[in-house]
Amino acid sequence: MLLTMTPAWSLELDAILEKAAVTPPSRVGFREVRHNPMLKEPLVLTGHLEYLSDGVLRKTIATPFEESFLIESDRIVIERAGDVRTLPLKKSRSLRTILGTIEAILSGQTDKIESEFTHQIGGTPRAWSVMLAPVSRSMRRQLVSLQVTGDDRSVTSIRIDLKGGEWHVMEVFHDDIEQ
């Protein structure tokens with residue numbers, strides 16, 4: 001006799017994203033570790049993330065240097081040491097897709113994620129993980145995967161794995177949530 005066991009819970013991407021969705025404007029603290037094979041030590045950044053409105057995100061780095069990135073429309077505005085640069089996103093499909101996916105996670109847009117990535121879900125409703133792998137061949141040349149983890153309240157971390165052994169892990173701090 002073959003016995004099969006099914007979990008007492010099942011997780012669906014839309015249910016996870018609905019639970020983790022954030023209503024703008026909101027702000028959370030973060031700690032990010034960036035690993036690049038060309039650096040001796042990983043770079044550790046702290047600061048806060050803001051979801052200002054639909055399509056508008058801001059990342060402000062407080063340590064080890066001050067810098068901010070405002071993502072709106074099809075551009076990124078970078079401010080560092082009083083200098084402001086504006087870069088168009090249309091030239092980098094990979095960056096546009098990653099940023100669009102992060103916003104889709106924040107806003108609970110399952111269809112946007114499923115159009116760009118395959119996904120695998122694991123864990124429990126209180127400690128879940130979604131592994132996203134890019135569908136397009138051109139994206140796979142730069143991006144290996146995105147892994148989003150969360151709890152029963154929200155997203156707790158985002159890991160971005162890039163080609164060549166580079167990766168970034170951003171932990172999000174619930175205690176800093178302002179809505």
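Quick notes on this one:
- Distance cut-off 15 Å, percentage of C-alpha pairs in the range 74-130 lying past it: 62
- For the chain, the longest principal axis of the alpha carbon atoms and the long axis of helix 93-107 meet at an angle near 60°.
- Around residue 170: net Lys/Arg minus Asp/Glu count, Cβ-Cβ under 12 Å: +2
- Partner lysines for residue 112 [C-alpha distance under 29 Å; skip if fewer than 8 residues away on the same chain]: 19, 59, 90, 91, 163
- Here the range 65-170 has an Rg and Dmax of 14.9, 45 Å, counting Cα atoms alone.
- Probing with 1.4 Å while keeping every protein chain in the model, the per residue accessible area of the chain equals 60 Å².
- For the chain, a Gaussian network of Cα nodes joined below 10 Å ranks 139, 131, 38 by mean-square fluctuation, and the top entry is 38.
- In this structure, residue 73 and residue 124 have a Cβ-Cβ separation that, at R0 = 45 Å, corresponds to a calculated FRET efficiency of about 0.75.
- Subtracting the Cα-Cα distance of residue 163 and residue 40 from 0.36 nm times their residue separation leaves 42.5 nm of extension gain.
- Carbon and sulfur %, accessible surface of the range 1-108 computed with the full protein complex present, 1.4 Å: 55
- Cα gyration tensor shape for the range 20-103, rounded if a/c is under 1.5, else prolate or oblate: rounded
- Dimensions in Å of the chain - Rg and Dmax from alpha carbons: 17.1, 71
- For residue 134, neighbours were defined as the other residues whose beta-carbon sits under 13 Å from its Cβ, and their charges (Lys and Arg +1, Asp and Glu -1) total +3.
The values are calculated or read from the model by the stated rules, or taken from the named source; none is laboratory data. Fair warning: this is a prediction, and the values are worked out from it, not measured in the lab. In this analysis, Cβ positions are derived from the backbone assuming ideal geometry, glycine residues included, and neighbour counts consider all displayed protein chains. Protein only, heavy atoms only, side chains kept; ligands, DNA and RNA dropped before computing areas. Shrake-Rupley method; radii C 1.70, N 1.55, O 1.52, S 1.80 Å.
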